[in-house]
Amino acid sequence: MTPTPIKSICIVGGGTAGWMTAAGLSNKFSDLDIDITLIESEQIGTVGVGEATLPHIRFFNNTLGISEQDFMKATQATFKLGIEFCDWGNIGDAYIHPFGDFGMPINGIEFYHFWTKLCQNSNTHRLDSYSYPVILAQNNKFGHPSEDIRQIESTLGYAYQFDSSLYGRFLRDYAQSRNVIRKEGKIVTTHLNAQNGNVQSVQLEDGSRHTADLFIDCSGFRGLLIEQALRAGYEDWSPWLPCNRAIAVASERLTDLPPYTRATACKAGWQWRIPLQHRTGNGYVYCSDYISDDAAAGDLLSKLNSAPLTDPKQLYFKTGRRKTFWSKNVVAIGLSAGFLEPLESTSIHLIQEGITELIQLFPDMHMRTSDRDEYNRRMSLNYERVRDFLLLHYVATQRDDSPMWQYFQNMTLPDSLQAKIDAWKTRGHIMKYQFGVFLPASWVAVMIGQNLIPAHYDPRVDMLSHDRLKAEAESLRGAVRDGVDRAMRHDAYIQGYGAASGTFAQRSG
Amino acid sequence: MTRAMDQQDAPMTRIAIIGAGLAGQICAAALRANLPSAIDIKWLDTGRDQDSDIFYGHTTPPESYGFNLAACVNEPDLVLNSDTSFSLGTQFTAWSPQNLEWVQCSHLPLPVMDSVPFHHHLARLDIDNIEPFLMPSIMARNGRFAHPPPNTDTPLSRAEYGYQIDPFTYGRVFQEAATQHGLVLTNSAIEAVCVKDGHIRSIALKNGEKLTADLFIDCTGPKASLLHALGSAYQGKRALFGASSYQAQSVLGFSCRHIHGTDYGWVSESALQGRRINMSVSAPEDKAAARAAHNGAVTTEADVMLGRRDAPWLGNCVGIGHAAAILEPISTAPIRALQRDIERLLRLIPVSADMSVERREYNRLFDDDISHMHMFNRSFFPPGETTPSLYWKQASEQPLGEKLTRKLTLFEDRGVLVTYDLEPFNEQDWTILHFGMRRTAGRYDRVADRYEKRDLERYLNTMSQAIKTLAAKIPPHHIYMQGLRKHLSNRPS
């Protein structure tokens, strides 16, 4: 088959997913002969999920050539060092899942094995105290990672917390300046090609038709093309992740700008708190079997750390993923591809993965099955591995104080997750993988944070004498403390870095 | 607590390594160097039956350097105390009925321009030979060698190297290291393996002693004496015959192994210090032809069945190396498999007598590693070759499987490298193999079109010229080795 290049792409939907896709593709294909159009309707609101992100987003922004300061100002962004999980292992517990490691490996063996040994010998310091990003976060401080790997300051990664609708707008400007055509209008009909079943065109309310060679479905939960037109099917994961509703409300900005997101476990779900420069994002993800919408709203409002700025907004969803992410000539990216609760800030990351894989496997007019299969294989793996990691939070717990927690206590886990937990509990072994967003350090953070302490450590740890080990651990803890002492406060750092938005500078000034 | 549970919880303190061929020697050195002295290690040599060790092949991958260091065997030891030499890869000639010719070398990641992998740019210019852009390949072809410097400015720093080895002399360096660290090698054949409830309770030795341990490591080669006693199943895939011979050589040969395809299979030459080691491989039916390649000088020969155990860890016994799987030594897969077996075992040394968690995880990882290595080896043979030669016919009739089909389809169709979790062969290994096997991408990443063809041609030309010029300045393998030996011998000890 001679390659016949795709000449036109139509992105359906202009939320975060739509504009991220438009920006990514327009950057990748600039000065190639491909027209990109994005159709969005102002009548249809966007969900604006994922105000908190993972470090990978920096790579996305860098590829686009976006200046960090410009982007932060435009999106009211703050730095994010990790997520603080409250009340997960037990009510009253708290731990931070940082972007970065706990300590440095010794003789090729991860530090937490040594820590496990210290604990068995009456060490009382938490694993946290050996993690620079955790202590930095607890002190509301921030600094960019050092490139000198000998410095403790090199042991952190970071992401952002931002206003995702502002991020969408920011990327819209970016994409439009790179010749992406924005079309305003509501899609009423999808026309399929009778021969091959591909989507041929979409028809807008005003009767105009828009054709394209490739469609990207960023239409949100409903999956206008992937589901409503192509019937790709949905794999329901609610037996594992039963939360099915969320309520969101914005409140005043926090005085001490925390460089981390907070996720607090509740009786019927969990609540988030995301500090931005101009406001704080709050929400409650819950399962309607265990709490009513009104009670959830009341609970959320009663627990805000600052005065509310908006009325609560209700969201409905079903966790799971599309059976095929790419079907015919339609690729679903964003909520149309699947939904996993934003407990670990993966929504934007999964959009980014979808774009990256699409670029790698970008089709030509032949739309080969092999490209689609490979894309679907890669994305399934991504979603499934995130699912297992999210589920870990609910099952690595001692809580049984409500019907929801009892439900998790009685659950039969996916084999893949059960094996991981067993390997961890027996000997602190992480069943690591190469493809999937959460590295071993993340699994360690959650399991130890939720009181799953391995019964044994790696026997090779005993090669190091106990005195040496104690000395090394103490020196590491000291380096963490000193590093944190040297670091600046998060809000001051944003100002000094030139990343403060107008409103932020004014209020802080 | 019941007695049974008591035993399950008992700490694991005694390991017995059975077998003293290459697998046993490397395993003994690595375990003794990495495990605390509270873990007692016994080591048993059950007799001289290491002939099948020739099927570990005569080259090692770049990972051997670090692996060996962790086993307390450093490069100077190998160079001074064995006939080991350097390997930049394997040069194939007359390979397969298609008569292919290339150097399978190891390389750090190739240049990526505008996020487009290197080979897409070559595909755009219809360049079907990647070799001029691979420093180790050009050096290997010209028999040159120098250690790659850590400096990234020179093409030499992109090269990776392993060793050319004789499994018998290479293994002895590890044995020496193990002994120096206090491991005692006992000699005795096995009288009987005492098995109860799927576990080895003890081994009765011909010398009248009884060997007990918590964990038994089966390094007895293809016969897998211990695993066999436990009823382990072996999935045999292809029978092969191999023969090897030595040839004295006063001047050290080239810095790569040479494999030449023949009607009966293939023949290889590897350059060692002071001699050359030759190996021929065929289907068992063509033994005579494979033997004849050595002009009557065959020193070692072996019949093996390529394949793998269903599960190399059964009860309290783990099979390492050939006891677990036998791969054809056309690539570095056999040594990689052995190294990975040992690394995997070190990460999963049981913490108590109940080894169920370790066993399951070990077998899972083994399964991935072996199937990935088999996939790489399988890719040396075009599928469905019609030829009168048994070897080539059987090799090309092996099923591809779903994962490899995906890899081949995506590469041949569009130059995309499909990668699975933690594969032993990296993207460069695959790219170089695809080019060697004349698998070309039907289309390339359109973003490559951003470059003016003229600019791209100029860039590639400069790159290959720089490699050619530098390679000519690098000393021949034997001169470099002489200098290195002199330097190492003059070191203050």
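Looking at region A:267-283, which of its residues are part of a loop (DSSP other than H, G, I, E, B) and crowded, with 23+ Cβ neighbours inside 10 Å?
So in region A:267-283, the residues part of a loop (DSSP other than H, G, I, E, B) come out as A:267-268, A:276-278.
Within region A:267-283, A:A268, A:L276, A:Q277 meet the criteria.
In summary, strands (runs of 3 or more DSSP E) completely within region B:185-242 and bearing 1 or more residues that are in contact with a Phe, Trp or Tyr (Cβ under 8 Å, 6 or more places away or on another chain) occur at B:185-187, B:199-205. Note on region B:20-110: enclosed strands (runs of 3 or more DSSP E) holding 2 or more residues that are within 20 Å of B:F254 (Cα to Cα) are B:85-87, B:89-95, B:100-107. Per the listing B:D40, B:D49, B:D9, the residue uniquely closer than 26 Å to B:A271 by Cα and assigned by TED's automatic domain parsing to the domain that holds B:P167 is B:D49.
Among the candidates A:D148, A:D173, A:D128, which residue alone is part of a helix (DSSP H, G or I) and surrounded by fewer than 16 Cβ atoms within 10 Å (Cβ to Cβ)? Give the steps one after another, and end with the answer.
Working: A:D148 fails: part of a helix (DSSP H, G or I); A:D128 fails: surrounded by fewer than 16 Cβ atoms within 10 Å (Cβ to Cβ).
After ruling out the rest, the residue left standing is A:D173.
If we keep just the residues of region B:331-352 that are β-branched (V, I, T) and more than 7 Å from chain A (Cβ to nearest Cβ), which is farthest from the chain's Cα centre (by Cα)? Don't jump to the end; show me each part of the working.
Pass one, region B:331-352, residues β-branched (V, I, T): B:332, B:335, B:342, B:349, B:351.
Narrowing the set further to residues that are more than 7 Å from chain A (Cβ to nearest Cβ) leaves B:332, B:335, B:342.
On the way: B:T332: 3, B:I335: 3, B:I342: 13 Å.
My answer is B:I342.
Scanning region A:113-128 for residues that are under 25 Å from the mean Cα position of the chain (by Cα) and of a type outside the set (A, V, I, L, M) returns a single hit, A:D128. Annotation: of all residues in region B:395-448 being aromatic (F, W, Y) and within 12 Å of chain A (Cβ to nearest Cβ), the one that is farthest from B:H374 (Cα to Cα) is B:Y444. Taken over region A:1-38, the residue count meeting the criterion of being assigned to a loop (DSSP other than H, G, I, E, B) and within 14 Å of another protein chain (Cβ to nearest Cβ) is 13. Can you tell me which condition B:P350 does not meet? The list is (1) assigned to a helix (DSSP H, G or I); (2) surrounded by 22 or more Cβ atoms within 10 Å (Cβ to Cβ), and all the others hold. Going through (1) assigned to a helix (DSSP H, G or I); (2) surrounded by 22 or more Cβ atoms within 10 Å (Cβ to Cβ) one by one, B:P350 breaks only (1).
Of the listed requirements (1) in contact with a strand residue (DSSP E or B) (Cβ under 8 Å, 6 or more places away or on another chain); (2) among the charged types (D, E, K, R); (3) farther than 30 Å from A:T346 by Cα, A:R399 misses just one: (3). Residues in region A:412-425 that are in contact with an Asp or Glu (Cβ under 8 Å, 6 or more places away or on another chain) and facing another protein chain (nearest Cβ under 8 Å) were compared, and the one that is nearest to B:I349 (Cα to Cα) is A:A423.
Matching residues to (1) away from every other protein chain (no Cβ under 14 Å); (2) part of a helix (DSSP H, G or I):
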| residue | (1), (2) |
| --- | --- |
| A:V285 | yes, no |
| A:D289 | yes, no |
| A:K318 | yes, no |
| A:E353 | yes, yes |
| A:I359 | no, yes |
| A:Y375 | no, yes |
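Residues that are outside any helix (DSSP H, G or I) and under 15 Å from A:P3 (Cα atoms) were ranked within region B:417-454; the one that is nearest to the chain's Cα centre (by Cα) is B:T440. Taking region B:54-67, which residues are touching a helix residue (DSSP H, G or I) at 6+ places or on another chain (Cβ under 7 Å) and either surrounded by fewer than 23 Cβ atoms within 10 Å (Cβ to Cβ) or within 14 Å of chain A (Cβ to nearest Cβ) (or both)? Residues satisfying the conditions are B:E63, B:Y65, B:F67. Among the residues making up region B:409-422, those that are under 19 Å from A:P363 (Cβ atoms) and not β-branched (V, I, T) are B:L410, B:F411, B:E412, B:D413, B:R414, B:G415, B:L417. Filtering region B:19-53 down to residues that are surrounded by fewer than 18 Cβ atoms within 10 Å (Cβ to Cβ) and not charged (D, E, K, R), which residue is farthest from the chain's Cα centre (by Cα)? Checking each candidate, the answer is B:A38. Beta carbons closer than 6 Å, at least 6 apart along the sequence or on distinct chains, pair a first residue in region A:21-34 that is over 22 Å from A:A337 (Cβ atoms) with a second that is of a type outside the set (D, E) for A:S30/A:R178; A:L32/B:R446. Within region A:286-296, is there a residue that is under 12 Å from A:I247 (Cβ atoms), crowded, with 16+ Cβ neighbours inside 10 Å and either under 23 Å from the mean Cα position of the chain (by Cα) or of a type in the set (S, T, N, Q) (or both)? Yes.
The values are calculated or read from the model by the stated rules, or taken from the named source; none is laboratory data. None of the values given here were measured: they were computed from a predicted structure. Cβ atoms come from the backbone with ideal geometry, glycine included; neighbour counts cover every protein chain shown.
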